[in-house]
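Participant: For reference, the structure I am asking about is given below.
The values are calculated or read from the model by the stated rules, or taken from the named source; none is laboratory data. All figures in this text were calculated on a predicted structure; none of them were measured in a lab. Every residue, glycine among them, receives a Cβ derived from its backbone with ideal geometry; neighbour counts consider all protein chains shown. Ligands, DNA and RNA are excluded from the accessible area calculation, which covers all protein heavy atoms including side chains. Shrake-Rupley method; radii C 1.70, N 1.55, O 1.52, S 1.80 Å.
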Amino acid sequence: MRKYLAFVIAALLSGVAAMAQYVDGAPESGVDTAKVVISLDDALRIALSENVSVKVADLEVTRSEYAKRGTYAALFPQINASGSYQRTIKKQVMYMGGSSGDDDGEGGGGGMASMFTSAFEPIMYYIQELMKQHPGAIAPYVPAETTETSTSSDNGFEVGRLNTYSAGINAVMPLVNLQLWESMSLSADQVEMAVEKARESRLGTVSSVKQAYYAVLLAKEAFEVYRSVYENAIENYRQTEMRYNAQKASELDFTRAKSNVAAAIPNVYNAESGIALALWQLKAVMGIDLDTDIDTEGSLQDYGEHMFYDIHEHDDPDFRGNSSMRQLAMQAEQLAKTIRMQQYAYLPSLNLSFAYSFNAMTDDFEFSNYRWTPYSYVGISLSIPIFSGGQRYYNVKQTRVQAAELEYQRVNAERQLQIAVRQSLQTMETAMKTYDAAKDALQSAEKAYDIARKSYLVGRSTLTDLSNTELVLTQSRLSVSQAIYSFVVAKTALEQTLGYDFTEENETPQIYEQ
C-alpha cells in the first residue's frame, strides 16, 4: 500500500512539474509573445477594409451608381441600325378596268370601273410609260384559266420584284416625359439607399469587432485568474508537503492539496482554449486569415477606469442616426415619388423620331447593278393616354397602401429601438453597480486570502479555510471582469442602436451628427 501511494505521489508530482513548467514558460497574457499585437482601433481599421460584408456593401453602391447612369441613357436618342431581305414567293396583282361581262359599262360594277379608269387615267399612262422603259418592272398577270381570247382589261398586273433589300438607321428621343424624369429621381434614391446600407454594414462590423475584441480580453482575464489559482494550488501543495513530511499537517490536508492542484489544471486548459476561440472569432469578423498570429492590446481593467456613464442622457433617445430608421425614411420618400411617377402616367408624352433607309428591288443577284433608293423622315409624335382599363388608377392605390404599411413599420421599428436602448442602459447601469460592489468584494477577498494564507503557514487555520477564501477571491476577480465586459458590450450595442458613425479619414467610431 505504501509503495502504491508513493507511485501515485510520484506520478502526480511529475504532472505538477510539467504543468509548472508550462505555466512558467507561458506569457502573462496566456498567448505567444511573438504574435502581432493590435489595438482596438487597428482591429476596426482592418475590419472596415477586409470584412466581406463591407466589401459586398461597397460593390452594391457601385452597382447602384451604374444603374443610375443607365437611367440617364433614356434622355439621349436611342439609335438603332436595321437591315432586311425579302424573297417574294407570289407577287401582288393589280387590276385595272372593268370585267368581261360588263360591255355596256353599267352592269356588274362596270360603271364603277369606268369611273376608276377615267379618274386614274394619268396614273395608267405613267405605268405604261414605265413598262416601256423597264419591261421587267410590271409584268402582266395571266391566270392559268385565261384563254387566248381574253382582253387586256381582264388581266391583272404583277407588282414588285422577287428580291427586296432594305437597310437604314432610326432614332427616337423623348422631348417631354414627366414619368421618365421621375423614374430617374428614383434611381438616384436607390443609390442613396445603397450608401446607407453600406453604412449599416460598417456599423454592424464595428459592433461585431468590438464585441469580439472584448471577448478576447475577457478570455485572457479568465486565463489569468485560473492560472493564478493554479499557481496558488502548487504553492500550497509544496507547503503542505513539507508540513506533512514534518508531521505538522494531516494526511487529509495533504490529499486535499493534491486534489486542488489536479482540479486547477482543467480550468487553465479551458481558459487557454477560450482565448483561442475568441481570437478565431475576432479574426473572422475582421476578415483576415484564421491562421494569422495576432494578439490583443490592453486588458479589461483599462476600460473599467472609464465606467462612468450618465444613464439619463438618453431618456429621450434620438434615432436620426439609426440606419434602420434612415432607410425607412428613404423608402417613404421613394414611395411618394413612385406615386407621383404613376400619376404622371396620365399626362401626354412627346417624342422626336428620325429614320433614314435605302431600298433596292430586283429579280436577280447582280449586286453591282442594284439601284438603291433612299428614304428618310423626321417627325414628332404625341402620345395621349386615354383608357387603360383602370391599371394606372389601381397602381396608385396599391402604392398608397404600401406607404401606409411602411408608416406602421416605422412606428413599430421606433418602439423596438426604444426597447433596445432601455435594455442597453439597464445593462450598463447594472454593470456599473456590480463593478463597484465587485471591487469592494475583491479588496475584502484579497485581504481575507492573505490572512488565511499566513494563518495556514503558521498552523492556525486549515487548508479548507484557505481554499474557501481562495474560491471567494476567484469569484470576486471574475465578477469584476464580467461586470466590465457586460458594460462595454452593452455600450457597444447602444452606440450601434443610436447610429454612432465613423470618419472617413481614420475610420474610427464617432458619434453621428446630422
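Participant: Would you point out the residue of the stretch 56-88, among those that are in contact (Cβ under 8 Å) with a residue 12 or more places away in the chain and of a type in the set (Val, Ile, Thr), that is most open to solvent (accessible area, probe 1.4 Å)?
Facilitator: Checked the stretch 56-88; the qualifying residue most open to solvent (accessible area, probe 1.4 Å) is 79.
Participant: Continuing with this model, one more query. Is it the case that residue 313 is open to solvent by 30 Å² or more (accessible area, probe 1.4 Å), charged (D, E, K, R), assigned to a helix (DSSP H, G or I) and under 30 Å from residue 425 (Cβ atoms)?
Facilitator: Values: open to solvent by 30 Å² or more (accessible area, probe 1.4 Å): yes; charged (D, E, K, R): yes; assigned to a helix (DSSP H, G or I): yes; under 30 Å from residue 425 (Cβ atoms): yes.
Taking the combined requirement at face value, the residue satisfies it.
Participant: Give the stretch 296-305 a look and list any residue that's farther than 14 Å from residue 490 by Cα and open to solvent by 50 Å² or more (accessible area, probe 1.4 Å), or say none.
Facilitator: 297, 301, 302, 305
Participant: Report, by residue number, each residue of the stretch 385-410 that is in a loop (DSSP other than H, G, I, E, B) and either open to solvent by less than 100 Å² (accessible area, probe 1.4 Å) or under 30 Å from residue 162 (Cβ atoms) (or both). Even if it seems obvious, please write down each step before you answer.
Facilitator: Within the stretch 385-410, the first condition is being in a loop (DSSP other than H, G, I, E, B), and the residues that meet it are 385-390.
Passing the criteria: 385, 388, 389, 390.
Participant: Please go through the stretch 220-257 and pick out each residue that is touching a Gly at 6+ places or on another chain (Cβ under 9 Å), in a helix (DSSP H, G or I) and buried (at least 18 other Cβ atoms within 10 Å of the Cβ).
Facilitator: Step one: filter the stretch 220-257 for residues touching a Gly at 6+ places or on another chain (Cβ under 9 Å), giving 220, 222-224, 227, 243, 248-249.
When the remaining residues are screened for being in a helix (DSSP H, G or I), the result is 220, 222-224, 227, 243.
Once the filter is applied, which keeps residues that are touching a Gly at 6+ places or on another chain (Cβ under 9 Å), in a helix (DSSP H, G or I) and buried (at least 18 other Cβ atoms within 10 Å of the Cβ), the stretch 220-257 yields 220, 222, 223, 227, 243.
Participant: Further, regarding this structure: If I ask for residues that are modelled with pLDDT under 90 and open to solvent by 80 Å² or more (accessible area, probe 1.4 Å), which ones from the stretch 30-54 would you list?
Facilitator: 32, 33, 34, 36, 52 - these are the residues of the stretch 30-54 that are modelled with pLDDT under 90 and open to solvent by 80 Å² or more (accessible area, probe 1.4 Å).
Matching residues to (1) in contact with a helix residue (DSSP H, G or I) (Cβ under 6 Å, 6 or more places away or on another chain); (2) small (Gly, Ala, Ser); (3) not in a helix (DSSP H, G or I):
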| position | (1), (2), (3) |
| --- | --- |
| 277 | no, no, no |
| 285 | yes, no, no |
| 298 | no, yes, yes |
| 302 | no, no, no |
| 308 | no, no, yes |
| 325 | no, no, no |
| 336 | no, yes, no |
| 339 | yes, no, no |
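Participant: Hey, another quick one. Any idea which residue in the stretch 420-471 is surrounded by the fewest Cβ atoms within 10 Å (Cβ to Cβ), counting only those that are farther than 28 Å from residue 255 by Cα and β-branched (Val, Ile, Thr)? Spell out how you get there, then give the answer.
Facilitator: Filtering the stretch 420-471 for residues farther than 28 Å from residue 255 by Cα gives 420-444.
When the remaining residues are screened for being β-branched (Val, Ile, Thr), the result is 421, 427, 430, 434.
On the way: 421: 19, 427: 17, 430: 14, 434: 18.
By that ranking, first place goes to 430.
Participant: From 185, 207, grab the single residue that is touching a residue at least 24 places away in the same chain (Cβ under 8 Å) and under 17 Å from residue 335 (Cβ atoms). Explain how you work it out, then say what you get.
Facilitator: Working: 207 fails: under 17 Å from residue 335 (Cβ atoms).
Unique residue meeting the criteria: 185.
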